[in-house]
Amino acid sequence: MNAIDKQLVKEDVSLGFLLDALASAENLPLVFHYDGQPVKPGYHVTEVKAGRFSALDCGANPEAWSEIFVQLWDIEEGDRTHMPAGRFGAIIRKVSEHVDLDGSARLTFEVSDGVRPMQLYCASAPILEGDALHVQLVARPASCKPRDRWLAEETARTAACCGPSGGNSACCP
């Protein structure tokens with residue numbers, strides 16, 4: 001599979017889902033991972049912003065969505081440890097006092113070490129591993145939405161046609 005044939009990112013979670021998952025482990029360290037490495041223990045949440053977007057995709061289809069951006073500054077700072085999940089939740093709650101945050105909105109992380117440019121990531125569901133909660137941040141690639149929709153429809157059609165109940169139907173490739 002090449003970049004053009006990639007599947008849509010399935011790990012993507014909303015802010016509401018992430019906060020609900022973190023609520024049961026508020027005292028555990030929250031460790032984000034990106035580009036094969038964990039964030040440094042001194043990381044900061046430097047900005048949380050919400051936006052509503054309207055666009056026209058390359059197939060002339062109108063698109064509209066809400067998105068929340070959480071900016072992480074990946075730095076080492078003194079003898080700090082990874083922030084507890086509850087502190088992350090408190091930061092988001094504080095932001096929500098001033099900014100309308102839609103819990104079902106698309107969630108995007110912007111991560112930089114202060115030297116390299118910010119990169120965009122989507123988050124997977126938190127996993128309890130050892131004595132910490134770990135969240136994988138997966139690079140958010142560009143895509144062609146009409147082609148992505150077509151691929152999803154073709155995959156569903158093929159699965160329905162060639163699945164266990166479809167047998168050797170004439171529609172199977």
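Taking the solvent-accessible surface of protein heavy atoms with a 1.4 Å probe, what is the per residue accessible area of segment 94-155 in Å²?
Details: 3610 Å² over 62 residues.
I get 58 Å² per residue for this part.
Quantify, in whole percent, the carbon and sulfur part of the accessible surface of the chain (1.4 Å probe; protein heavy atoms only). It would help to have the intermediate numbers written out before the result.
On the way: 5730 of 10190 Å².
Of the solvent-accessible surface of the chain, carbon and sulfur hold 56 percent.
Along the charge dipole of the chain, Cβ charges K/R +1 and D/E -1, which of P62, H44, G78 sits furthest on the positive end?
Result: P62, furthest along the dipole toward the positive end.
So which residue, out of S112, S104, S24, gets the largest mean-square fluctuation from a GNM of the chain using Cα contacts under 10 Å as springs?
Fluctuation is largest for S24.
Run lengths n ≥ 4 of DSSP H only: what is the helix-derived mean residue ellipticity at 222 nm for the chain, with -39500 (n - 2.57) per run over all residues, to the nearest 500?
Working: 3 runs with 39 residues, N = 173.
Counting only the DSSP helices, I get -7000 deg cm²/dmol.
Ranked from the most accessible area to the least, with a 1.4 Å probe and all protein chains present, what is the order of V70, V48?
Working: V70 0, V48 20 Å².
From most accessible down to least: V48, V70.
Mean-square fluctuation check for the chain, GNM, Cα pairs under 10 Å: which of G114, G78, G51 is largest?
G78
Report the extension gain between A142 and V115 in nm, rounded to one decimal, defined as 0.36 nm multiplied by the number of residues separating them, less their alpha carbon distance.
Values: separation 27, 0.36 × 27 = 9.72 nm, distance 2.32 nm.
That works out to 7.4 nm of additional length.
If you stretched the chain out fully between L128 and Q37, how much longer would it get, using 0.36 nm times the residue separation minus the C-alpha to C-alpha distance? Present the calculation step by step, with values, prior to reporting the outcome.
On the way: separation 91, 0.36 × 91 = 32.76 nm, distance 1.67 nm.
Residue separation times 0.36 nm, minus the Cα-Cα distance, leaves 31.1 nm.
Looking at segment 34-126, what % of its DSSP beta bridges pair antiparallel, to the nearest 5?
Values: 16 of 23 bridges.
Percent antiparallel among DSSP bridges in segment 34-126 is about 70.
For the chain, what are the per-bin percents of Cα-Cα distances with bins 10 Å wide, up to the bin holding the maximum?
The distribution over the chain is 9, 31, 30, 18, 9, 3, 0, given as percents.
The values are calculated or read from the model by the stated rules, or taken from the named source; none is laboratory data. Every value quoted in this text rests on a predicted model; they were computed, and no experiment measured them. With ideal geometry, Cβ positions are generated from the backbone for all residues, glycine too; neighbour counts draw on all protein chains shown. Keep in mind that these areas ignore ligands, DNA and RNA; they rest on the heavy atoms of the full protein, side chains included. Shrake-Rupley method; radii C 1.70, N 1.55, O 1.52, S 1.80 Å.
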